[in-house]
Every structure is written in structure tokens, then in C-alpha cells.
Amino acid sequence: MKTPRALILGGTTEATALCRAMAEAGIAGTISFAGRVARPVRQPLPQRVGGFGGVAGLVAYLRDNRITHLIDATHPFAAQMSTHAVAAAAEAGVPLLALTRPPWVPQLGDEWTLVPDLDGAVQALEGSRRRIMLAIGRMHLDLFARHPQHFYLLRLVDPPEAPLPVPDAHVEVSRGPFTQEDDGTLMERHRIDLIVSKNAGGTGARAKIDAARALGLPVVMIDRPALPPRPEVHDVAAALEWLRT
Ligand code: NAP
């Protein structure tokens, strides 16, 4: 077996957990970040930051760095990166594994409106003023400028650098994982009556969903983007095992 030299596509709690496990197991690898947040979580493996330059750039990176294993541990909504990873791995002949989180499914007491994408979430907000927790990150806030009538509670990793595209908003700067208790308190403090969430899955971001259920609040749940087929595992131990084979 070749000694593994892995490239982890990161930006999630799961990617960080995998890096920690790899460092403990003595498996060599580099973690890659897009560079969206100002201070990425420190990792026990070497890191690189910034896009590769499309599929061709990722193929070149895999070849130049003699990568033996590619693990896509990006967020389920990072569809472009994941699609590029499938194409680049095939072209470079590097085996690919995705470390993913199963999507959340509604439980008794959940009041979800399912929408297929961000545009669907925007459409779901037609109508009179609501107090909305918009938990979608900062990248696509512009879309919600169509509904300036609402109050928006935004939770962002970094303070916004540009003026917000919505006039009535409060920014909560904090980084997960969050607790149900804290999210419930936050919702009550801002008198939130609707939550908009991506179906991210996993435990780090689900506190708001659990808090919404406990408070009897409705959720507009955005479905995941479609991705090309690829082998997937849901836990770090399975990814580590794959690296060893
Ligand atoms: P995206 O739309 O799928 O990717 C856009 C471009 O950003 C990619 O084509 C790639 O540029 C670059 N990129 C993305 N992830 C990268 C990585 N890990 N390393 C190097 N380059 C990367 O991605 P996104 O939705 O903006 O997400 C960006 C990052 O934030 C990802 O690491 C993701 O795990 C994390 N994140 C995303 C969300 C979300 O809701 N989307 C939530 C939490 C965390 P090139 O084409 O130049 O290679």
C-alpha cells in the first residue's frame, strides 16, 4: 500500500475532526479552505487557503503534490467544490471519498415548509412583516433584499464588511457549534417567529432546529443541492479506515 498523502477539502466541523484523527494516527495530509472566513479554526495538519482555479487547477494540485487520496468534507451546500472534486479526481486518477452528514428529517412537533433552494426560501417569505432568523451564512443575503419588510436576525462567523442588503437586521457574530438552550434564548430575545435554515445535517448547526421545535416556531427548510454520485461515509472512523486501505 502507498503511504497516504491526503487532501481534505474542509470548512466543516467534520473536516476538522478528521484532521485531528489523522494527526493522531500519523497519516499525512493537507486541509484546504476556500478562504471565506477571516480566522479559520486552527488545524493539526498543514493547511492551504483559496480556490484551486476550477477542475483544471485541482487536477494540477493533485498531480503536483502527489496526492494519493482526496476527501471531500465540505459543507453539503458547497456544490461547486464537490462537483469539481468528482471531476478532478476522475481526471487525475485519485480516489475520492466524501465525508458527509445525513440530512435532518422532520420529527414530531416540527413545522417545516420544504423549499428546493434559496430562491424557494425567498419566495416563501412573501407577505407581511415577520421576525426571521436567517441562518444561511453571508454569501447569499442579497437575495433577501426582495423582502425588506421583515426583521432579520443574521448569524455570521465574521462581522459584515459591506452594508447589509436588508434594512432591518441584527447581526450575531459567533461560530458554532451552538446549543439548543442558547439558540432558544437568542430567538426569544429577538422575538423570532420564523427560522430559515439550510438542511445542513449534523449536530453543530441543528441546535436552532431543536430550539424552533421546543418553541413551536415554523422553519423554512432549504433542501440540499444535487451532487454527482460519489462514495460517501458519515463518520470520521470510516474515513480513516478508507485512508488506510
Ligand atoms: P462552492 O460554492 O461550492 O465553491 C465555490 C468555489 O470556492 C470553488 O469552486 C472553489 O474555487 C472554492 N472552494 C470551495 N471550497 C473550497 C475548499 N475547501 N478549498 C479550496 N477552495 C474551495 O463553496 P461555498 O458554498 O462557497 O463554500 C465555501 C467553503 O465554506 C467550503 O469550504 C465549505 O465547506 C464552507 N461552508 C459552506 C457553507 C455553505 O452553506 N455553502 C456553510 C459552511 C461552510 P475554485 O473553483 O477556484 O477551486
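The values are calculated or read from the model by the stated rules, or taken from the named source; none is laboratory data. All figures in this text were calculated on a predicted structure; none of them were measured in a lab. Backbone-built Cβ (ideal geometry, glycine too); neighbour counts: all protein chains shown.
What the table shows:
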| quantity | calculated |
| --- | --- |
| Matching entry among Val94, Val59, Val55 (being within 13 Å of the ligand (Cβ to nearest atom), over 30 Å from Val219 (Cβ atoms) and crowded, with 20+ Cβ neighbours inside 10 Å) | Val59 |
| Meets criteria (under 29 Å from Ile222 (Cα atoms), in contact (Cβ under 8 Å) with a residue 24 or more places away in the chain and buried (at least 17 other Cβ atoms within 10 Å of the Cβ)) for Met22 | no |
| Candidate set from region 139-158 (those that are surrounded by 20 or more Cβ atoms within 10 Å (Cβ to Cβ) and closer than 19 Å to Phe178 by Cβ); member that is farthest from the chain's Cα centre (by Cα) | Tyr152 |
| Residues within region 11-41 that are part of a loop (DSSP other than H, G, I, E, B) and closer than 17 Å to Gly176 by Cα, tallied | 8 |
| Close pairs from region 222-235: first over 30 Å from Leu143 (Cβ atoms) and at pLDDT 95 or above, partner surrounded by 16 or more Cβ atoms within 10 Å (Cβ to Cβ) and not hydrophobic (A, V, I, L, M, F, W, C), Cβ under 6 Å, at least 6 apart | none |
| Members of region 221-244 found to be out of contact with any Pro (no Cβ under 7 Å at 6 or more places or on another chain), surrounded by 16 or more Cβ atoms within 10 Å (Cβ to Cβ) and in a helix (DSSP H, G or I), listed by number | Val236, Ala239, Leu240, Trp242 |
| Matching entry among His84, His69 (being near the ligand (Cβ under 8 Å from one of its atoms) and either at pLDDT below 95 or within 22 Å of Val233 (Cβ to Cβ) (or both)) | His84 |
| Pair list, Cβ under 7 Å, 6 or more apart: region 139-168 residue under 22 Å from Ala205 (Cβ atoms), other residue of a type outside the set (A, V, I, L, M) and at pLDDT below 95 | Arg155/Ser174; Leu156/Arg138; Val157/Arg175; Pro160/Arg138 |
| Residue among Ile8, Ile27 that is under 25 Å from Gly201 (Cα atoms) and aliphatic (A, V, I, L, M) | Ile8 |
| Total residues in region 25-43, condition within 13 Å of Gly10 (Cβ to Cβ) and in contact with a strand residue (DSSP E or B) (Cβ under 9 Å, 6 or more places away or on another chain) | 9 |
| Region 97-109 - residue that is hydrophobic (A, V, I, L, M, F, W, C) and in a loop (DSSP other than H, G, I, E, B) and, of those, surrounded by the fewest Cβ atoms within 10 Å (Cβ to Cβ) | Leu108 |
| Residue check, Asp183 among the charged types (D, E, K, R) and more than 16 Å from the ligand (Cβ to nearest atom) | yes |
| Conditions (1) away from the ligand (no atom under 14 Å from the Cβ); (2) crowded, with 19+ Cβ neighbours inside 10 Å; (3) modelled with pLDDT under 95: number failed by Arg42 | (2) |
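This table checks each residue for (1) in a helix (DSSP H, G or I); (2) hydrophobic (A, V, I, L, M, F, W, C); (3) touching a helix residue (DSSP H, G or I) at 6+ places or on another chain (Cβ under 7 Å); (4) at positive phi.
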residue: Leu58; (1), (2), (3), (4): yes, yes, yes, no
residue: Tyr61; (1), (2), (3), (4): yes, no, no, no
residue: Thr74; (1), (2), (3), (4): no, no, yes, no
residue: Phe77; (1), (2), (3), (4): no, yes, no, no
residue: Gln80; (1), (2), (3), (4): yes, no, no, no
residue: Ala89; (1), (2), (3), (4): yes, yes, no, no
residue: Thr113; (1), (2), (3), (4): no, no, yes, no
residue: Val122; (1), (2), (3), (4): yes, yes, yes, no
